[in-house]
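The values are calculated or read from the model by the stated rules, or taken from the named source; none is laboratory data. Keep in mind the model is a prediction, meaning the values are calculated, not measured. Here the Cβ positions follow ideal geometry from the backbone for every residue, glycine too, while neighbour counts run over all protein chains shown.
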Amino acid sequence: MNMSGRLAQLDVWLLSNAAHQAKRGLCDHLGQTGLRMQHYRVMAGLAELGECTQAELGRALGLDAGNLVALLCDLEKEQAVTREPDPANRRRNLVRCTPQGRRLFRRMDEAVARADEAMFASFSEEERDQFHKLLTRLVAEPH
């Protein structure tokens, strides 16, 4: 979209459009793995947390229980994760990443890196670093 005039002067408008472009690129690149952004979110959470309860994973990712169940079902079909009753409390499920899941996550990570590279190809390393710091600050501050 070619923007001029008032819209081009509004940082929030520009950021919104940049976010839309970033999401589209991310979805396109992740789509090559057969999975979506939310699947990557779950796999990234498991990569950080390791084996954990389904409830812990949902809280850590800020995902509603129903959405998490649907995503985990998708990932189970891909043999990327397993869910088993927690021996300490059979009402809870333990979620763990499988060897197939770790391979899939590496492919997804590569797709995300390609999307990132495509989005910021015109930025110098210094500009990327500065932009990342600004985005991190923007996201961290309450609005």
Query raised in the report: Is there a residue in the stretch 16-32 that is surrounded by 15 or more Cβ atoms within 10 Å (Cβ to Cβ) and either closer than 18 Å to Ala70 by Cβ or of a type in the set (D, E, K, R) (or both)?
Result: yes
**Report entry** One residue from Ala111, Ala70, Ala118 being free of Cβ contacts under 8 Å to residues at least 40 places away in the same chain, assigned to a helix (DSSP H, G or I) and either among the hydrophobic types (A, V, I, L, M, F, W, C) or surrounded by 15 or more Cβ atoms within 10 Å (Cβ to Cβ) (or both)
**Finding:** Ala70
**Report entry** Where Thr82 falls short, out of the listed (1) assigned to a helix (DSSP H, G or I); (2) surrounded by 13 or more Cβ atoms within 10 Å (Cβ to Cβ)
**Finding:** (1)
Query raised in the report: So which of His29, His143, His132 is touching a helix residue (DSSP H, G or I) at 6+ places or on another chain (Cβ under 8 Å) and under 28 Å from Leu15 (Cα atoms)?
Result: His29
Report summary line: Among Thr33, Thr82, the single one that is modelled with pLDDT under 95 and of a type in the set (Ser, Thr, Tyr) is Thr33
Report task. Would you check if Val42 is in contact with a Leu (Cβ under 8 Å, 6 or more places away or on another chain), part of a helix (DSSP H, G or I) and among the aliphatic types (A, V, I, L, M)? Result -> yes
Query - Criterion: in a loop (DSSP other than H, G, I, E, B) and either in contact (Cβ under 8 Å) with a residue 60 or more places away in the chain or buried (at least 16 other Cβ atoms within 10 Å of the Cβ) (or both) - qualifying residue of Leu57, Leu63, Leu75 - result: Leu63
Report task. Scan the stretch 81-94 and give yes if some residue there is in contact (Cβ under 8 Å) with a residue 40 or more places away in the chain, among the basic types (Lys, Arg) and over 30 Å from Asn17 (Cβ atoms), otherwise no. Result -> no
